[in-house]
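Structure, as structure tokens:
The values are calculated or read from the model by the stated rules, or taken from the named source; none is laboratory data. Everything numeric in this text was worked out from a predicted model, so none of it was measured. Cβ: placed from backbone, ideal geometry, glycine included. Neighbour counts: every protein chain shown.
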Amino acid sequence: MSALLHVEGLGKRFGGFTALQYVGLEVQPGERLGLIGPNGSGKSTLVNCICGTLRNEQGSVRFAGAAVNGLTAHQRTRLGLARSFQLPRPFGSLTLVENLRIPILYAVNSRSGHSLSGPAILTRCLELLGQVGLADKAHRLPRDLTQIEMRKLELARAMAAEPKLLIADEAMAGLSHAEVDEILALLIRLNGQGVTVIMIEHIMRAVMAFSQRLAVLVAGRKIADGDPKDVVRDPEVVRAYLGE
Amino acid sequence: MVSSVVKEEEEREGIRGLGHLAFIAALVAAAAVIFGIARLIGNSYAFFAAYVVVQYIVLGSAWNILGGYTGYVNFGITAFFAIGAYSTVVLYKLTPWLPLPAMIVVGGAMAALVGLGTGYLTLRLRGVFFSIATLALAVVVQTLITNWDFVGGARGAYVLRPKLAPLIGGDYVEYLFLVMLGLCVAVLATARAIERSALGYGFAAIRDDEAAAEASGVPTLRLKLVATALSGGFMGMAGAPLPYYVTYLDPASGFSLNYAVNAIAMPLIGGTASWVGPVIGGILVGGLQEYIRVTISSAVNVLVVGVLMVAFVILAPQGIVGLFQRKRR
């Protein structure tokens, strides 16, 4: 089976600062991959390069068998590569249902053989909001939401694009113990529906519960990749987190 | 519960689908009534004054397609407006037999093309940087026109207005007013159609968060180009009848700052989120200006717009429409 996402030799610089260097990453269809690393190690930059928000100077990104290097972010989303943002970025002037309507109108409906119209879109939006437990706030504005609800909306919007691969960028940061479990269950359920998920997270409890495989970024390089239990015992990883 | 919500929304969608034709019919009817009233008054000043107000509604609504829906504040209004006006001057010199509506279409197309071109060059800039670039556009176009002898250069150009209106008879200004009313119906129908379509949702997503819009599959650059072309095109159309209205057009009047200030002030005062805003703002501010121009002085009306704009930005940033919506929520 060929990899769904294939990143090779990825390099990104911001002026004189090298954010990513020769990063390689493969994700198989249906996999749950955890991606960890200290602050500033380049996790979000990697996500941005994979999703097309930033352009990488070196290396290549292949998704579902096709090179996506020159493609814009919206073209990649249409191919089935969705992400949630680290800090929720809802469409503030639109209600929750309308927030979900955007990816359905612009990502789902752009694919051939797929075209939802008025009532079908609404049903789908409400179904998605139901999945993340926000159905009763469907016609409210994002500013009425709590922090965890905002994260759920962010995930629901990524899910609404019906992605093959979902990248959840620190969807749990700042949430309580029970809330982390809620998001975790949501991501695992989504994976059960056949969506490949990359989870970027600092909360190790969640990372260990979620990941089938774990990759570690430190200072723009990938220093470990493998079975989560082995990776967290890797001396280099321990050194990166705890020092000598 | 979900199913009942769906049903309710479906009904609403159904009404909307039928609604747009009904909406256009209502607009046409309103325009006919307004024209009828103006004819009853039977005073050509009424037509001159009403023309200005309706022209501002068109200009404000056109500005709002880019500025209100996608959030890109365009200060280069006079560039588009004057391109429309000067393309009529050119057509008047080359093909004076061309009917006015055809001239308007040409003027609109020219302005839309310029909108597309400048949009392509400037839409990578965001926020205030985009606005400054559009301001520069206005200066560039004004300099070009001022130095273009064929359209009169700095001296200006005379356009002889026919005495009688075609089709409807009466004074020519009545015809100008009717044409402007038609334009108004077109721009309002377009604006409302955008609001309720996928395009409108895409515009709103761009306005709220461009990166998130891209991540949701919205082709932001293409949509912004559509918005600048539509917005610029309608501004050009609003300007195209101007030479016939003023009969003497020079750069100073075609590029008057008043057009730019009013086109921004009216949507801001009325409310930028929907097509109603520029209409309310246009009638209120345009009407007030006309009143003050006649009763006090033509210089004071600029002051009034300034004061109103400051007051609304501070007290009601969502405009008059926003005040009502907040009450309803």
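Numerical summary
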{"read-out": "Counted residues, the stretch A:130-156 - those being facing chain B (nearest Cβ under 10 Å) and under 19 Å from A:I188 (Cβ atoms)", "value": "2"}
{"read-out": "B:N74, sole failed condition from (1) assigned to a loop (DSSP other than H, G, I, E, B); (2) farther than 22 Å from B:P241 by Cβ", "value": "(2)"}
{"read-out": "In the stretch A:28-60, the residues that are crowded, with 23+ Cβ neighbours inside 10 Å and among the β-branched types (V, I, T)", "value": "A:I36, A:I50"}
{"read-out": "Count - residues of the stretch B:169-221 that are within 12 Å of chain A (Cβ to nearest Cβ), out of contact with any Ser or Thr (no Cβ under 7 Å at 6 or more places or on another chain) and either surrounded by 23 or more Cβ atoms within 10 Å (Cβ to Cβ) or part of a helix (DSSP H, G or I) (or both)", "value": "9"}
{"read-out": "Condition met for A:L155 (modelled with pLDDT of 90 or more and either in a helix (DSSP H, G or I) or more than 17 Å from B:A215 (Cα to Cα) (or both))", "value": "yes"}
{"read-out": "Residue, surrounded by the fewest Cβ atoms within 10 Å (Cβ to Cβ), within the stretch A:72-104, restricted to residues that are basic (K, R) and facing chain B (nearest Cβ under 7 Å)", "value": "A:R89"}
{"read-out": "Evaluation of B:G169 against (1) closer than 24 Å to B:H20 by Cα; (2) over 20 Å from the mean Cα position of the chain (by Cα) (one fails), failing number", "value": "(1)"}
{"read-out": "Matching entry among A:H202, A:H177 (being modelled with pLDDT under 95 and within 14 Å of A:I36 (Cβ to Cβ))", "value": "A:H202"}
{"read-out": "Boolean, B:A229 is within 14 Å of chain A (Cβ to nearest Cβ) and assigned to a helix (DSSP H, G or I)", "value": "no"}
{"read-out": "A:L186 vs. criteria among the aliphatic types (A, V, I, L, M), modelled with pLDDT of 90 or more and surrounded by fewer than 21 Cβ atoms within 10 Å (Cβ to Cβ)", "value": "yes"}
{"read-out": "Among the candidates A:G30, A:G92, residue that is under 17 Å from the mean Cα position of the chain (by Cα) and modelled with pLDDT of 90 or more", "value": "A:G30"}
